[in-house]
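A quick write-up on the structure given underneath.
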Amino acid sequence: MNPSSTSSTREREETGLPMVPEAAEPVEEHKTSTSAVFTIRDLSVYYGGNIALKDVSLDIRPREITAIIGPSGCGKSTFIRCLNRMNDLIPGATVTGEVLYHGQNIYAPDVDPVAVRRRIGMVFQRPNPFPKSVYDNIAFGPRINGFKGNLDELVENSLRAAALWEEVKDKLKKSALNLSGGQQQRLCIARAIAVEPDVILMDEPASALDPIATVRIEDLMQELKKQYAIIIVTHNMQQAARVSERTAFLYTEVDEETSNRWGILVEHGETGLIFTRPKDKRTEDYVSGRFG
Amino acid sequence: MNLEINSSRPSARRLWTNRVATAGMAVAVALALIPVGLILYYITKNGLAAMSWGFLTEPTPFTFRRPGGGFLNGLIGTAIMVALATAASVPLGILAAIYLEEYGKRGWLAQLVRFFSDVMTGVPSVFVGLFVYTAFVLPFGFGAIMGAGALAIIMLPIVIRSAEEMLKLVPLELKHASFALGASKSQTVLRVVLPSALPGITTGVLLAVARAAGETAPLILTALGSLKVTTALIGEPISALPLLIFDGARNPFAAGQERAWAGALELLALVLIFTLLARIVAARSKISR
Ligand SMILES: Nc1ncnc2c1ncn2[C@@H]1O[C@H](COP(=O)(O)OP(=O)(O)O)[C@@H](O)[C@H]1O
Ligand SMILES: [Mg+2]
């Protein structure tokens, strides 16, 4: 993707953001920690005309884990699906606002959602390996993207990166459906890594897993964040506290008259601060377990 | 609340209801299986008695009275026409199903196609024969192509609707997984949806093939039947196993009737072998577990 379109430059000036280096490539070490991978401005989502998520503005940094927490139904999945345009697949869903990915608005009319998804990987709540062999699962993304290099090597590296290689190296040709739930989820992570994205979105990736498999996924995330920006949705606050550098708290607002409900971003910041010294009363109540 | 184990033991009344219902279902299953069992029994018994190597390799004699001979002409005719009909209706049917499920969805064109394939499933096959007869046989004459055309028309709605049902069963999560990896719609359909639905689609195709292999009425009007062994696709009538079974069974002579039994067994075995083969191929093409 070419991030230097005139429209995105103008949009950035309007939002008054500091200029970020206009490069889709991971930027050099000394600058990266402040330049955002995602700059999200006034993001709202409607399902068939009903608002589900309202005016979310948030920056996502590279090589960090950002946790999205909040009660069930507050729009966490809706939010994360906006970041790789998966909401396009939901009939009746409309997105307004801006999602700047390295400065380029991924909702600009000339942006191909397919190209967006190649750069921004996603791991789902329920492991969803294809009913194909382990090898073919990993090779799927590279193959459809016309990968020309050494596929065996790429498969091995992806599986190693997902800490799954040792467990499956002898059953690469066997069906991925034979793996355990935790292995399947790591396979899905490996599959996402194989297309070499620079962001990985994870929507409650461990909620269908047992505690041991969960720990393995969390350890894996710590490895992956050295290379990727990771955004993880979780309703498990301990998990958010354990794994993430930054946390965003979403919460459901209710219109008393119409009883319409929508999600808002209450606050976001360093995970430690969100959990120990939240600014907002609702965050405090939520993280101390008073509701949710 | 009384939570003692004793109190949760099923009452005598419930036990009896359970037993009666189980027995009722067993009887229903048995009743349903009786006709199937009898058909298989008589075809196998009478068919084996009349079966011989000659039957498989010789054409039908000119009179029903003469013993010996066989249904080679019909075997070849059935093979040609069913193969042609399958080659035409299966790709077309699967493409139509993909259109309906993945692209047309609830649009008017898709609804129209769905409506007509439903109507076509219910149309008596003799009407299909009559249609092909009027439209194509009258100008061009009887032949294998005509018979295959009629069979394809009969197979098409079966393939479409069964394939559509199978495509519907492919979990949305798999499509999402594919899209999230940067696959386009067509890549997702061809590389994820279709392979996942393939075993089920195979079943539907087999059903359609078996149905076509056994069709008689439309072939009378399109292939006509012939005692000659021919592989001509057009220009001359051709025979088929069901046609020969029909002819043999309705004549009063023992030799002809015996051939009809043997022919019925041959047709049954053919469908069975084909089903098994297709299942093995489908199982092979899936990856080892
Ligand atoms: N595909 C959809 N169609 C219509 N409404 C939806 C859809 N997905 C989610 N919603 C609604 O949007 C709101 C937020 O849902 P979601 O993003 O799934 O919340 P969370 O992931 O935080 O549990 C809910 O009220 C839900 O009913
Ligand atoms: Mg969710």
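The values are calculated or read from the model by the stated rules, or taken from the named source; none is laboratory data. Not measured: the values here are computed from a predicted model. Here the Cβ is made from the backbone with ideal geometry for all residues, glycine too, and neighbour counts use every protein chain on show.
Return the total of residues in the range B:55-78 being surrounded by fewer than 16 Cβ atoms within 10 Å (Cβ to Cβ) and either outside the structural domain of B:R259 (by TED's automatic domain parsing) or not in a loop (DSSP other than H, G, I, E, B) (or both).
Here the count works out to 2.
Name every residue in the range B:203-227 that is of a type in the set (D, E, K, R) and in a helix (DSSP H, G or I), in order of residue number. Explain how you work it out, then say what you get.
So the first thing to find is which residues in the range B:203-227 are of a type in the set (D, E, K, R), and the list is B:211, B:215.
Passing the criteria: only B:R211.
Would you say A:L220 is away from ligand 2 (no atom under 16 Å from the Cβ) and of a type outside the set (K, R)?
It is true that A:L220 is away from ligand 2 (no atom under 16 Å from the Cβ) and of a type outside the set (K, R).
If only one of B:R284, B:R279 is within 14 Å of chain A (Cβ to nearest Cβ) and not aromatic (F, W, Y), which one is it?
Just one listed residue meets the conditions, B:R284.
Only one of these conditions is not met by A:E284: (1) out of contact with any Asp or Glu (no Cβ under 8 Å at 6 or more places or on another chain); (2) more than 16 Å from ligand 2 (Cβ to nearest atom); (3) within 13 Å of A:I68 (Cβ to Cβ). Which number is it?
(3)
Considering the range B:172-219 alone, what residues qualify as being over 20 Å from B:L276 (Cα atoms) and within 19 Å of the chain's Cα centre (by Cα)?
Answer for the range B:172-219, where residues must be over 20 Å from B:L276 (Cα atoms) and within 19 Å of the chain's Cα centre (by Cα): B:E215, B:T216, B:A217, B:P218, B:L219.
Having 3 or more residues that are surrounded by fewer than 21 Cβ atoms within 10 Å (Cβ to Cβ) and away from every other protein chain (no Cβ under 13 Å) is the bar; report the helices (runs of 4 or more DSSP H) wholly within the range A:92-197 that clear it. Walk me through it before giving the result.
Numbers: elements: A:113-119, A:134-144, A:151-161, A:165-168, A:181-194.
Where helices (runs of 4 or more DSSP H) fall fully within the range A:92-197 and carry at least 3 residues being surrounded by fewer than 21 Cβ atoms within 10 Å (Cβ to Cβ) and away from every other protein chain (no Cβ under 13 Å), they are A:151-161, A:165-168.
Give me the residue from the range A:46-61 that is buried (at least 17 other Cβ atoms within 10 Å of the Cβ) and closer than 22 Å to A:G103 by Cα and, out of that set, farthest from ligand 1 (Cβ to nearest atom).
Applying the filter and picking the extreme gives A:R61.
What is the residue count in the range A:36-45 for residues that are more than 9 Å from ligand 1 (Cβ to nearest atom), buried (at least 22 other Cβ atoms within 10 Å of the Cβ) and of a type in the set (V, I, T)?
2
Quick check on A:L201: is it within 14 Å of chain B (Cβ to nearest Cβ), of a type outside the set (D, E) and within 16 Å of ligand 2 (Cβ to nearest atom)?
On the way: within 14 Å of chain B (Cβ to nearest Cβ): yes; of a type outside the set (D, E): yes; within 16 Å of ligand 2 (Cβ to nearest atom): yes.
Here the answer is yes, as A:L201 does meet what is asked.
Since B:E165 meets every condition but one in (1) charged (D, E, K, R); (2) within 14 Å of another protein chain (Cβ to nearest Cβ); (3) under 21 Å from the mean Cα position of the chain (by Cα), which condition does it not meet?
The single condition B:E165 does not satisfy is (2).
Quick one: how many residues across the range A:33-65 are among the β-branched types (V, I, T) and either within 16 Å of ligand 2 (Cβ to nearest atom) or not in a strand (DSSP E or B) (or both)?
The qualifying residues number 4.
Kindly evaluate A:R81 against the criterion of being outside any strand (DSSP E or B), of a type in the set (K, R) and within 16 Å of ligand 2 (Cβ to nearest atom).
yes
Filter the range A:127-180 down to residues that are closer than 16 Å to B:S196 by Cα and among the aromatic types (F, W, Y), then give me how many there are.
Residues that pass the stated criteria total 2.
What residue, of B:L174, B:L130, is among the aliphatic types (A, V, I, L, M) and either in contact with a strand residue (DSSP E or B) (Cβ under 9 Å, 6 or more places away or on another chain) or within 14 Å of chain A (Cβ to nearest Cβ) (or both)?
Testing whether each residue is among the aliphatic types (A, V, I, L, M) and either in contact with a strand residue (DSSP E or B) (Cβ under 9 Å, 6 or more places away or on another chain) or within 14 Å of chain A (Cβ to nearest Cβ) (or both) leaves just B:L174.
Quick one: A:N260 ticks every box in (1) within 14 Å of ligand 1 (Cβ to nearest atom); (2) under 22 Å from A:G181 (Cβ atoms); (3) away from chain B (no Cβ under 14 Å) except a single one, so which number is it?
The number of the failed condition is (2).
Would you confirm, using the coordinates I've provided, whether A:R246 is in contact with a Ser or Thr (Cβ under 6 Å, 6 or more places away or on another chain), of a type outside the set (F, W, Y) and away from ligand 2 (no atom under 16 Å from the Cβ)? Please lay out each step first, then the result.
On the way: in contact with a Ser or Thr (Cβ under 6 Å, 6 or more places away or on another chain): yes; of a type outside the set (F, W, Y): yes; away from ligand 2 (no atom under 16 Å from the Cβ): yes.
Judged against the criteria, A:R246 is a match.
Looking at the range A:62-76, can you tell me whether even one residue there is within 14 Å of another protein chain (Cβ to nearest Cβ) and within 11 Å of ligand 1 (Cβ to nearest atom)?
no
Need the failing condition index for B:D118 against (1) acidic (D, E); (2) within 20 Å of the chain's Cα centre (by Cα); (3) within 30 Å of A:G141 (Cβ to Cβ), just the number.
All conditions are met except number (3).
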